[in-house]
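After the structure tokens below, expect a handful of questions from me.
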Amino acid sequence: FGSMVRGSFLIQLAQLAAVAAVRLPTRTPPAVARPSCLATRPPAEVGATPALAAAEERATAWALGAATAMMVALPAGAADVAWVGPTKAVLSPLFAVYTLLFLFRTVLSWFPKYNLNAFPYNVAAWPTEPLLRATRRLIPPVAGVDITPIVWVAVISFFSEILLGPQGLLTIVQKKGGF
């Protein structure tokens, strides 16, 4: 329930920022409405049409509203780490299964006479072929040897360590209780 409340709070905050950007008056005193980071720029009204000045003021207000929303939203959702456990529970077996499938595809590439659409081989061929086909466009076979399954094993191992390893991002978030 807490994440739903925070989610609706973020939506309301974004709507408030959008309404503030639309309803901002086109002519405001520069000392009041213009933030200090924009003080070095000349006012939009100098040498510009009123429509352009209004658009610039709305864009400035929207950017400030979005920045304020992010400053409030990130700490509000930082303590909620309930999503980390299920994410790790899904990613860990997924990475393991795909690593095994790509290793099996590597072994199958040594025996080209087998039909990859036949039963035991299609279990490894069908889920991996779309990824391998796209990778073969970037990395063609080297001396007749297809190295794309090994590339995918390396990529999966990298992401597994970065996300799920003992010092992975998700493990750290889960241990520390937030960002």
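The values are calculated or read from the model by the stated rules, or taken from the named source; none is laboratory data. Just so we're clear, the structure is a prediction, and the values are computed from it rather than from any experiment. A quick note on method: Cβ atoms are made from the backbone with ideal geometry, for glycine too, and the neighbour counts reach across all protein chains shown. Just so you know, the surface numbers come from the protein's heavy atoms only, side chains and all, with ligands and any DNA or RNA stripped out. Shrake-Rupley method; radii C 1.70, N 1.55, O 1.52, S 1.80 Å.
Express the accessible area of the range 84-179 per residue in Å², computed with a 1.4 Å probe while the remaining protein chains stay in the model.
Value returned for the range 84-179: 65 Å² of accessible area per residue.
If you filter the range 73-150 for trypsin sites (Lys or Arg not before Pro), then keep DSSP loop positions with at most 15 other Cβ within 10 Å, what is left?
Values: sites: Lys88, Arg105, Lys113, Arg133, Arg136, Arg137; in loops: Lys113.
Of the trypsin sites (Lys or Arg not before Pro), the ones in loops of the range 73-150 whose Cβ has at most 15 other Cβ atoms within 10 Å are Lys113.
Take Trp110 and Trp83, extend 7 Å from each Cα along the Cα→Cβ direction, and tell me the distance between the two endpoints in nm.
4.3 nm
Within 14 Å, Cβ to Cβ, of Leu169, how many net charges do the neighbouring residues add up to if Lys/Arg are +1 and Asp/Glu are -1?
Net charge in that neighbourhood comes out at +2.
Considering only protein heavy atoms and a probe of 1.4 Å, how much of the accessible area of the range 75-179 is carbon and sulfur, as a whole percent?
73 percent
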